[in-house]
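Some notes on the structure that comes next.
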Amino acid sequence: MKPTEILSHEHRIIEQVLACLERMMQKSASEGRLDPQPARDAVAFFRNFADRCHHGKEEAHLFPAMEAKGFSPDCGPTSVMRREHELGRMHVRQMASAIDAAAAGDAEALRRFVENAQGYVELLREHIQKEDHCLFAMANQALSEGDQRRLSAAFEKVEAEEMGAGTHETYVKIADDLAEQYGVPRTGTAAAAHEACGCGH
């Protein structure tokens, strides 16, 4: 499996939790308060699976590999992706900071949570489309088979050493638990994610 295929598989799991976040927003808007535990679970997923693991692989390994082939780190497609990662982190921080007050029924905190959740969903959906349909094709064209192998090995190291054994599966289970709670179809099971993650276990 190519490194970009691993990342695309992770995109499907991220999209699953984005769909859960949309349901969470709808429910909280109708009830006037936020259910705190699913919101914390979603934030933990976005911080650790979507950002630390998935975006970490891109920023530390895929993007530098592409830039070594001539893509500009300052005004090329990888620079756009990095800026969008930063904007996503801002939205997640704002969501996290609003959870407790929104759960207590604070209307302003709930508005802030929903506003940033909506912004995050829109940002990530567009971001994923850009990567799946443009950036990854560019990467596959630019990177040799040897580059791809080195990138896959680097991804395995992220999973095994930086994230830790079993961490990937832990967050896929959170994604599936949220999907069950909010009636969202599952796009990635723990078994499929384990096979695709490149962790080699």
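Taking 0.36 nm per residue of sequence separation and removing the Cα-Cα distance, the D177/D35 pair yields an extension gain of 49.6 nm.
By the beta-carbon count within 10 Å of each Cβ, the least crowded to most crowded order of V172, V158, V17, fewest first, is V158, V172, V17.
The lysine pair count for the chain, using Cα distances under 21 Å and pairs eight or more places apart or on different chains, is 9.
Computed over the chain, the per-residue total of -39500 (n - 2.57) for DSSP H runs of n ≥ 4 gives a 222 nm mean residue ellipticity of -22500 deg cm²/dmol, rounded to 500. Evaluate E = 1/(1 + (r/R0)^6) for K130 and S97, where r is the Cβ-Cβ distance and R0 equals 22 Å; express this FRET efficiency to the nearest 0.05. The computed FRET efficiency comes out at 0.20. Quick one: if the Förster radius is 22 Å, what FRET efficiency do A137 and E86 give, using the C-beta to C-beta distance and rounding to 0.05? That pair, A137 with E86, gives E of 0.40. Here, the chain yields an orientationally averaged convex hull projection of 10.7 nm² when only Cα atoms define the hull. What the Cβ-Cβ distance of E156 and A107 gives, at R0 = 45 Å and to the nearest 0.05, is a FRET efficiency of 0.45.
Computed from the coordinates by the stated procedures, all read-outs in this text should not be read as laboratory data. Everything numeric here is computed off the predicted structure, so don't read it as measured data. Every residue, glycine as well, gets a Cβ built from its backbone with ideal geometry; the counts of neighbours run over all protein chains shown.
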